[in-house]
Amino acid sequence: MRILVVEDELGLREGLCDLLSGDGHEVSAAADGAEAVARGLAEPFDLVVLDLMLPRLDGIEVCRRLRSARPGMPVLMLTARGGEDDVVRGLGEGADDYVTKPFGARELLARVRALGRRRAPAAAEAIEVDGLVVDLGMLTARRGSEPISLTAREAGILRLLHRHRGRSVTRAELLEQVWGARGDLRTRAVDMAIAVLRKKIERDPGAPVIIVSVVGLGYAWGGT
């Protein structure tokens, strides 16, 4: 893949470039948010590895601008912040996944490879539920005249839940089949991603009818 690494810390930026280049990717780098937006809009990239804390423009704003212009381009967010609010904001602006610093090389490469496997456009898949029309292949949804942009990960969540409608899908299954991670990984990534997705697609995110929580198990498709 062609990957843009956006990280202001020189040592980490060079380390990420070396790691990804060693895994066979073509890597470019940007040291601040403004440079990242300029590079991301001018050149085609298959993936952006984006630090949250950046000079000139922060990672949230960079993600917002890049995903607005290139909705199908995956974004992997790097964050040193421990607060879930920052992660939820990043996911809400279109980031597909996040890794919290410090992270291991194997974990980062696994996340990059998982996003790479999903970057190709999927075949058209249309779902209609509760007045919402979802095109999983085009990563879009619509409720009435309101267009909704989905990330590849969000489409993957919906696809998996819809495929297994009639039963609950565990967090472990979601981690393995959508995140490409180990099912026993201790993380709240699934819950936070679904919270963001509900805000996009549910009429009332506080009382969801499309993605239903199953206490002690995971989630289920609530539509017909």
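Since every read-out is calculated from the coordinates, none of them should be taken as a lab result. This one's a predicted model, so the numbers in the text were calculated from it and none came from an experiment. When we count neighbours, we look across all protein chains shown, and the Cβ atoms used for this are built from the backbone with ideal geometry, even at glycine.
Compare the peptides 170-179, 12-21 by average per-residue count of other Cβ atoms within 10 angstrom and give them in order, highest first.
So the order, starting with the most tightly packed, is 170-179, 12-21.
Would you mind computing Rg(Cα) / (2.2 N^0.38 Å) for the chain, counting N as its residues?
Expressed relative to 2.2 N^0.38 Å, the Cα Rg reads 0.99.
Can you give the convex hull volume of the alpha carbon atoms of the stretch 2-117 per residue, in Å³?
That works out to 88 Å³ per residue.
Translational D (Stokes-Einstein, µm²/s) of the stretch 130-170 at 4 °C and 1.567 mPa s when Rh comes from the Kirkwood sum over C-alpha pairs?
Answer from the Stokes-Einstein relation: 119 µm²/s.
Taking just the C-alpha trace of the stretch 102-183, give me its Rg and Dmax in Å.
That works out to 14.3, 44 Å for Rg and Dmax.
Residue farthest toward the positive end of the dipole of the chain, with Cβ of Lys/Arg at +1 and Asp/Glu at -1: which of Ile194, Gly24, Ala114?
Checking the options against the dipole of the chain, the answer is Ile194.
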